[in-house]
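Note sheet for the following structure.
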Amino acid sequence: MEAKINKTHREGAVLFSPYDAGSSIKKALEVGRENILFEVRESKIKGRGGAGFPTATKWMLVAAAKADKKYIVCNADEGEPGTFKDRVLLTEYPDLVFDGMVVAGYTIGAEIGILYLRGEYIFMLEQLEDYLISMRQNNLLGKNILGKEGFNFDISIRLGSGAYVCGEETALIESLEGHRGEPRNRPPYPVNTGYMGYPTVVNNVETLASISKIITKGADWFKTHGTEKSTGSKLFSVSGDCKKPGVYELPWGTTLNELIKIVDAENTKAIQVGGASGVCIPKSQFDRQLSYEDASTGGSIMIFNESRKMLHVLKNFMDFFVEESCGQCTPCRIGNVKLLECVERIEKGEYTFSYINSMKDLSRTMQVASKCGLGQSSPNPFLSILENFKDEIFRSKENGVSHA
Ligand SMILES: Cc1cc2nc3c(=O)[nH]c(=O)nc-3n(C[C@H](O)[C@H](O)[C@H](O)COP(=O)(O)O)c2cc1C
Ligand code: SF4
């Protein structure tokens, strides 16, 4: 499916509104590091990659670190099923993203930025490299950027190789270092010990693009969008059963009911918010808001209509996690296989409710005992689909009779 930018939502938009390439860098150099940090903190922006960590906190920790080198890494792995908004930013708005990286570099004191690009996005590599060349020609990259004595910064692009877990920031750093892409133990966090052991900020593509807008238009303007706790707007990659799939920019706080109207969805039964590792929300809860404090998402929205069998949807997700678990820790390596097995047994009618309950307990163990976010969140669809669609899924076993 071709991702579209819905032009009708450009009015009042944050990211999909006019921007002069280089303007956030110019402004940052004018006002200085302290004021940039202040503005980012005031904007209350949280990371757009899914975890929602306050961007200013991350930047302040690296800015304050005493080290010979520091790095800024832009996470363009975009592997969450149903997410394709970073692709649109990189192809249509590379100025916002790369300028955001330069601003970050200046603020934290880094001289090198790395764009970690999803392997499947190799088709955009040449275009992005060309864009970086034009930035160098305009002195937006390189030595003494825009005449600022001593501010040197450049960006290189590195390609991933298709593992979902390499989007996790420590696995990404391992992969950048040429190792097998497996998550590290945390602490230490990348802000202390990141790429090649140096303090590193890892930010999502959309976070860095938003920074360019915050710097040029101000934190107060940014906060006129969204809610008190979820400031600004968000890009949503909408796919599934609707007439207008694509990438939409909407303010945080938009309800699911509003969203399905915008994308022209009919007979919607369920919305998976946050990709495979997110939660599945039934129609009765479509008044919920897309926000960090309610239905949180890195951007993936999948719409399912009445014709879909939710057990099949769940099986698809669990298949994905079995395939993508890196296998380092037991709760995730074994747990996902057990949950998939459970879905298959439900399909065949070979289960008891005490078995289902024990699998729910296993899910909760995975959430707390897995080493990284993959295993901590992979039980989300299992728990939410079995809970929210129990009438459909367990229809054939009203009396709890065991087939096992
Ligand atoms: C399995 C897994 C996959 C992830 N994939 C991505 C990804 O593709 N892009 C991304 O920005 N963050 C991804 N993350 C989150 C990153 O670890 C990290 O929180 C994020 O890049 C930080 O940027 P932000 O603070 O700007 O959101 C993933 C996390 C996990 C656990
Ligand atoms: S939770 Fe899964 S993906 Fe993460 S380290 Fe453990 S096995 Fe690997």
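Comparing Cα centroids, region 64-136 and region 241-272 end up 28 angstrom apart. Counted over the chain, the DSSP beta bridges are approximately 45% antiparallel. Using the 1.4 Å probe convention, the accessible area of region 310-397 works out to 44 Å² per residue with neighbouring protein chains retained. For residue 364, the solvent-accessible surface computed with a 1.4 Å probe is close to 110 Å², ligands and nucleic acids excluded. Treating each Cα of region 14-223 as one equal point scatterer and applying the Debye formula with no solvent, the log10 of I(q)/I(0) at q = 0.15 Å⁻¹ comes out as -0.89. Comparing 63, 51, 171 in a Gaussian network model of the chain where C-alpha atoms under 10 Å apart are linked, the largest mean-square fluctuation is found at 51.
The residue list 253, 79, 211 was ranked by how far each Cα lies along the charge dipole of the chain toward its positive end, using unit charges on Cβ atoms, and 253 comes out on top. Computed from backbone phi with θ = phi - 60° and the Karplus coefficients 6.51, -1.76 and 1.60, the 3J(HN,Hα) list for region 371-376 is 6, 9, x, 5, x, 6 Hz; x is used for glycine and proline.
Kirkwood analysis of the chain, using all unique Cα-Cα pairs, places the hydrodynamic radius at 22.0 Å.
The H on the amide N of residue 232, modeled in the peptide plane, is under 5 Å from the matching H of 225, 226, 227, each at least 5 residues off or on a different chain.
Dividing the helix sum by the residues of the chain, where each DSSP H run of 4 or more adds -39500 (n - 2.57), gives a mean residue ellipticity at 222 nm of -12500 deg cm²/dmol. The overall shape of region 162-279 is oblate: from the C-alpha gyration tensor, with semi-axes ordered a ≥ b ≥ c, the ratio a/c is 1.5 or greater and a/b is no larger than b/c.
Surface composition of region 233-305: carbon plus sulfur atoms hold 46% of the accessible area, using a 1.4 angstrom probe and ignoring ligands, DNA and RNA. Annotation note: GluC sites (Glu not before Pro) in region 262-351 located in DSSP loop regions with a Cβ neighbour count of at most 13 within 10 Å are 266, 293, 306, 350. Within the listed set 356, 72, 36, the Gaussian network model of the chain (springs between alpha-carbon atoms below 10 Å) gives the highest mean-square fluctuation for 356.
Of the residues 135, 302, ranked by 1.4 Å probe accessible area with the largest first, the sequence reads 302, 135.
Only Cα pairs within less than 10 Å get springs; with that Gaussian network setup on the chain, which residue of 307, 210, 239 has the largest fluctuation? Among 307, 210, 239, the largest GNM mean-square fluctuation belongs to 307.
Residues in region 324-338 carry Karplus couplings, in order, of 9, 4, 7, x, 5, 10, 5, x, 7, 4, 8, x, 5, 5, 5 Hz; the curve used is 6.51 cos²θ - 1.76 cosθ + 1.60 with θ = phi - 60°, and Gly or Pro positions show x.
For a modelled paramagnetic label at residue 68, 7 Å from Cα along Cα-to-Cβ, the residues of region 93-116 in reach, with backbone nitrogen under 19 Å, are 109-113.
Charges were assigned to the Cβ only: +1 to each Lys and Arg, -1 to each Asp and Glu. The resulting dipole of the chain about its Cα centre is roughly 580 debye. Which of rounded, prolate or oblate describes region 233-305 when judged by the alpha-carbon gyration tensor and an a/c cut-off of 1.5? Verdict is rounded for region 233-305. Across the cross-link table entries 46/269; 309/371; 26/223; 66/217; 85/223, which are compared at the Cα atoms, the separations over 25 Å belong to 46/269; 309/371; 66/217. The string of couplings for region 92-101 from the Karplus curve (6.51, -1.76, 1.60, θ = phi - 60°) is 9, 9, x, 4, 4, 5, 5, 4, x, 5 Hz, one whole number per residue in order, with x for Gly and Pro. Ligands, DNA and RNA left out, the 1.4 Å accessible surface of region 14-223 is 49% carbon and sulfur atoms. Counting only heavy atoms of protein chains, what accessible area per residue, in Å², does region 233-305 have with a probe of 1.4 Å? Value for region 233-305: 30 Å² per residue.
Within the accessible area of region 310-397, the carbon and sulfur atoms contribute 49%, probe 1.4 Å, all protein chains present.
When only alpha carbons are used to place a centre, region 303-363 and region 173-195 end up 29 Å from one another. Computed over protein heavy atoms with a 1.4 Å probe, the accessible surface of region 117-160 works out to 55 Å² per residue.
The values are calculated or read from the model by the stated rules, or taken from the named source; none is laboratory data. The model shown is predicted, which means the values in this text are computed figures rather than measured ones. Neighbour counts run over all protein chains shown; Cβ positions are idealised from the backbone, glycine included. The protein model used for the area step is the full one, side chains on, heavy atoms only, and it has no ligands, DNA or RNA in it. Shrake-Rupley method; radii C 1.70, N 1.55, O 1.52, S 1.80 Å.
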